[in-house]
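The values are calculated or read from the model by the stated rules, or taken from the named source; none is laboratory data. Note that this is a predicted model, so its numbers are computed, not measured. Using ideal geometry, Cβ is built from the backbone for each residue, glycine included, and neighbour counts are taken over all protein chains shown.
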Amino acid sequence: MSTNMLSGEQSNTKLVAIFKSKQGAEQCAEQLQQRGFDSNQLAIIAPHEKHYSRKLEPEQQGVKRTAIRSHVVLGAAGFVLAWLIWGGLYLAGVELIVSSPIKSLIPILFFCTAGGLMLGGFVTMRVDHQAVIQEVDEAVDEGYWSLVMHSRDHQQTKRIEAFLKDQQIEFNRTL
């Protein structure tokens, strides 16, 4: 289960480290496994590998659930916010709202709900993943090995970061 109410994925944070050799990537993965990380959370991407998108985003169903969940939750939040805004303006006696309540409610509902749905789309896009994806793309093209680590919660993320820092391994991560 996700630690983020908008996400349908088990792993919300991805970390990537680039290695010059297969042995370096395998050794790092092995040391993480010895520290209690599941091998399903770790993926090694070889240089010039063609179809590695599944290793970067292994939870295709989770991505779909994220899209649905984020749109429903944020769209509904926008709808509720619209009613609160309209109600506040109505109770404040704003003449435009009081004189034509239905005509004033409709655009407020539309824009707030649409704004919530657009935020849902933004959450689904996961623009924070782009830096990790781009780094892996470059490594694949330049002949380097990538180790992608899928953290399941904040504690795991901190443990992976601490390990990589202790080993003086440079890494990049999503939010």
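Some notes on this structure:
- Lone unmet requirement of (1) crowded, with 18+ Cβ neighbours inside 10 Å; (2) assigned by TED's automatic domain parsing to the domain that holds ILE85; (3) not hydroxyl-bearing (Ser, Thr, Tyr) for VAL132: (2)
- Only one entry in LEU84, LEU74 is surrounded by 14 or more Cβ atoms within 10 Å (Cβ to Cβ), out of contact with any strand residue (DSSP E or B) (no Cβ under 8 Å at 6 or more places or on another chain), assigned to a helix (DSSP H, G or I) and not β-branched (Val, Ile, Thr), namely LEU74.
- Residue, farthest from VAL132 (Cα to Cα), within the range 26-71, restricted to residues that are part of a helix (DSSP H, G or I) and of a type in the set (Ser, Thr, Tyr): SER70
- Residues satisfying the stated conditions in the range 56-66, i.e. buried (at least 17 other Cβ atoms within 10 Å of the Cβ) and not acidic (Asp, Glu): LEU56, PRO58, GLY62, THR66
- Qualifying residue in the range 152-166 (condition: of a type in the set (Phe, Trp, Tyr) and more than 22 Å from LEU32 (Cα to Cα)): no
- Considering the conditions (1) on the phi > 0 side of the Ramachandran plot; (2) without any contact (Cβ under 8 Å) to a residue 12 or more places away in the chain; (3) buried (at least 16 other Cβ atoms within 10 Å of the Cβ), ARG126 is excluded by exactly one of them, (2).
- Complete set of residues in the range 125-168 that are in a loop (DSSP other than H, G, I, E, B) and more than 16 Å from LEU42 (Cα to Cα): ARG126, VAL127, ASP128, GLY143, TYR144, GLN167, GLN168
- Unique residue being under 30 Å from GLU170 (Cα atoms) and either assigned by TED's automatic domain parsing to the domain that holds LYS55 or among the small types (Gly, Ala, Ser) (or both) when the list is ALA114, ALA139: ALA139
- Given (1) surrounded by fewer than 19 Cβ atoms within 10 Å (Cβ to Cβ); (2) closer than 30 Å to ASN172 by Cα; (3) in contact (Cβ under 8 Å) with a residue 12 or more places away in the chain, index of the condition HIS150 fails: (1)
- Any hit, the range 93-101, residues being surrounded by 14 or more Cβ atoms within 10 Å (Cβ to Cβ) and without any contact (Cβ under 8 Å) to a residue 12 or more places away in the chain: yes
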